[in-house]
Amino acid sequence: MTYCLGIINRFGLVFAADSRTNAGVDYISTYKKLFDFSVPGERAIVICTAGNLSITQGVLTRLQRDIQSQEEMNLHSLPNMYEVTRYIGNKIRQIQDQDRPWMERDHIDYQCSLLVGGQVRGEEPQLYLVYTQGNFIQATHETPFLQIGETKYGKPILDRTLSYDMSLEAVAKCALLSIDSTMKSNISVGPPIDLIMYEAGTFMIRQKLQLRLGDPYLAKIRKLWENSLRQAFESMPNIEWQPTLQESHEDILID
């Protein structure tokens, strides 16, 4: 299992991803899920992956090979983020057409999903979620974040906190808290945590961070968040219970 998210607002984009691919009693494996395919000064392209690892690895390998061999269509030649995302969706279909029959025979889940975001010179930053079928949806002002993997535990803080006019630094903190909330509730999501922050109009990734297991900053924000939640809970007013029918009847008899 994994958890990745992308967030877009008026100032740019933030991506965050865990690195855990398997978590058992005596076996934990990790694999990087956040990838930078940018061309500094011309385009910024970031891809997050979730799902069947062999499928996503195959897609990433083909994307990289197309760049190296300077194919007519590749991540660095396509004119806009929409065409970039369509191209990636087609790569998913190609890999699945090749491998799906064999996986289905052995009842192996071949599903995968990708987050694709960035900015090509001449257009605004964009963020897409590509499904296992190769089709995709786009994030909007009203829905500024997209998630893949184990999404349910990290969603509430995004729903309650994010706004389209929030600073990118605040968005990055929100993304990390969303990841931390998921790690707290699900052992299959874990560090290292990769974080990328992209400022609109710069056409290069200047802020990258990897937080490993036991990182002091991760421990600090978890403690502060838990303490803040506890204080907020303790300040909530008590419930004003309504009297039961029996209690109301007894009051009438006493009167």
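Worth pointing out:
- Within this structure, residue 129 fails the test of being under 18 Å from residue 9 (Cα atoms), touching a Ser or Thr at 6+ places or on another chain (Cβ under 6 Å) and not charged (D, E, K, R).
- Tallying residues that are in contact with a Pro (Cβ under 9 Å, 6 or more places away or on another chain) and in a strand (DSSP E or B) within the range 111-137 yields 5.
- Pairs with Cβ under 7 Å, 6+ apart, first in the range 71-87 and within 9 Å of residue 126 (Cβ to Cβ), second surrounded by fewer than 19 Cβ atoms within 10 Å (Cβ to Cβ): 80/123; 81/123
- Matching residues, the range 196-224, being in contact (Cβ under 8 Å) with a residue 12 or more places away in the chain and in a helix (DSSP H, G or I): 218, 221, 222
- The strands (runs of 3 or more DSSP E) found entirely in the range 22-95 that carry 3 or more residues being crowded, with 21+ Cβ neighbours inside 10 Å and at pLDDT 95 or above are 43-51.
The values are calculated or read from the model by the stated rules, or taken from the named source; none is laboratory data. Nothing here was measured: the structure is a model prediction, and the numbers come from that model. Counting neighbours? That spans all protein chains shown, and the Cβs are built from the backbone with ideal geometry, glycine included.
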